[in-house]
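Data block below; observations after.
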Amino acid sequence: MAKAFDFLTEALRRLPGVGPKSAQRMAFHLLQHDREGAEMLSRALYQAVDSVHHCALCNTFSETDVCELCQDEDRERSLLCVVETPADQMMIEQTLTYKGLYFVLMGRLSPLDGIGPKDIHLDKLISRAADGVVGEVVLATNFTNEGEATAHYISEMLKARGLRVSRLARGVPVGGELEYVDAGTIARAMLDRRDT
């Protein structure tokens, strides 16, 4: 095979969940059946890499120095929600229930993978949270071991600075049937129960 084909296959393998066979199938498809799509993908990747960077305030992806959400005057400036990724931020926004601002870590603490506090912009988060405007920080990291450790670490740092810190609730999913929900989720829902 041509070196260009091998290079394309290796580039496609960098995508999450794409193994060698899948990358090869994608490369064949693009070159054999969808050259227009391949050119569009090439232009889109180049444009995104060239123009998308981090928001100066919340650290999410943005094409401007300060993203649209941070510029929105209707957002509640005293609320700051901390999430791991821009995808997590998007999911919370889709619920239409949160009207505050965000800080996107772009990861989570994972000592085994060599990811420490500096790698997830905790210094920038501390500056943002302690700006005198933020009154509550909502920790919305994932409920994985790393997400929990990250939330705990951030919580301790922010509480030491006198900030109010809350954690995203968890429990039985809407529409879920108890017999199909894992025991850990039911246990947490029981511990976090509230008055009706």
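Kindly evaluate Glu146 against the criterion of being surrounded by 16 or more Cβ atoms within 10 Å (Cβ to Cβ), at pLDDT below 95 and either charged (D, E, K, R) or over 19 Å from Asn59 (Cβ atoms) (or both). Walk me through it before giving the result.
Values: surrounded by 16 or more Cβ atoms within 10 Å (Cβ to Cβ): yes; at pLDDT below 95: yes; either charged (D, E, K, R) or over 19 Å from Asn59 (Cβ atoms) (or both): yes.
For Glu146, the condition - surrounded by 16 or more Cβ atoms within 10 Å (Cβ to Cβ), at pLDDT below 95 and either charged (D, E, K, R) or over 19 Å from Asn59 (Cβ atoms) (or both) - is met.
What pairs can you find where one residue is in the range 29-51 and over 20 Å from Asp6 (Cβ atoms), the other is part of a loop (DSSP other than H, G, I, E, B) and of a type outside the set (Lys, Arg), and their Cβ atoms are less than 7 Å apart, with a gap of 6+ or different chains?
Ser51/Glu63
Kindly indicate the residue of the range 34-62 that is of a type in the set (Val, Ile, Thr) and not in a helix (DSSP H, G or I) and also most open to solvent (accessible area, probe 1.4 Å) among those meeting that condition. Break it down into steps so the answer makes sense when it comes.
Of the residues in the range 34-62, the ones of a type in the set (Val, Ile, Thr) are 49, 52, 60.
From what's left, not in a helix (DSSP H, G or I): 52, 60.
Numbers: Val52: 57, Thr60: 9 Å².
By that ranking, first place goes to Val52.
Before we move on, is Arg170 within 23 Å of Thr85 (Cβ to Cβ), open to solvent by 60 Å² or more (accessible area, probe 1.4 Å), basic (Lys, Arg) and modelled with pLDDT of 80 or more?
Details: within 23 Å of Thr85 (Cβ to Cβ): yes; open to solvent by 60 Å² or more (accessible area, probe 1.4 Å): yes; basic (Lys, Arg): yes; modelled with pLDDT of 80 or more: yes.
Against the criterion (within 23 Å of Thr85 (Cβ to Cβ), open to solvent by 60 Å² or more (accessible area, probe 1.4 Å), basic (Lys, Arg) and modelled with pLDDT of 80 or more), Arg170 qualifies.
Which of the numbered conditions does Thr185 fail, given that it passes all the others? Conditions: (1) out of contact with any Pro (no Cβ under 9 Å at 6 or more places or on another chain); (2) surrounded by 13 or more Cβ atoms within 10 Å (Cβ to Cβ); (3) farther than 17 Å from Lys124 by Cα.
(1)
Just to be sure, is Gly132 at pLDDT 90 or above, small (Gly, Ala, Ser) and open to solvent by 40 Å² or more (accessible area, probe 1.4 Å)?
On the way: at pLDDT 90 or above: yes; small (Gly, Ala, Ser): yes; open to solvent by 40 Å² or more (accessible area, probe 1.4 Å): yes.
Against the criterion (at pLDDT 90 or above, small (Gly, Ala, Ser) and open to solvent by 40 Å² or more (accessible area, probe 1.4 Å)), Gly132 qualifies.
Which condition does Ala149 not pass, out of (1) within 13 Å of the chain's Cα centre (by Cα); (2) in contact (Cβ under 8 Å) with a residue 24 or more places away in the chain; (3) assigned to a helix (DSSP H, G or I), if it passes all the others?
Going through (1) within 13 Å of the chain's Cα centre (by Cα); (2) in contact (Cβ under 8 Å) with a residue 24 or more places away in the chain; (3) assigned to a helix (DSSP H, G or I) one by one, Ala149 breaks only (1).
For the range 94-107: of the residues being modelled with pLDDT of 95 or more and on the phi < 0 side of the Ramachandran plot, which is surrounded by the most Cβ atoms within 10 Å (Cβ to Cβ)?
This residue is Tyr102.
List every residue pair whose Cβ atoms sit under 8 Å apart, with the two residues 6 or more apart in sequence or on different chains, where the first one lies in the range 72-95 and is within 17 Å of Leu125 (Cβ to Cβ) and the second, anywhere, is surrounded by 12 or more Cβ atoms within 10 Å (Cβ to Cβ) and among the acidic types (Asp, Glu).
Close Cβ pairs satisfying both conditions: Ser78/Glu136; Leu79/Glu136; Leu80/Glu136.
The values are calculated or read from the model by the stated rules, or taken from the named source; none is laboratory data. Quick caveat: nothing in here was measured; it's all calculated off a predicted structure. Reconstructed Cβ throughout: ideal geometry from the backbone, glycine too, with neighbour counts over all protein chains shown. When the accessible area is computed, the model is the full protein with side chains, heavy atoms only, and any ligands, DNA or RNA have been set aside. Shrake-Rupley method; radii C 1.70, N 1.55, O 1.52, S 1.80 Å.
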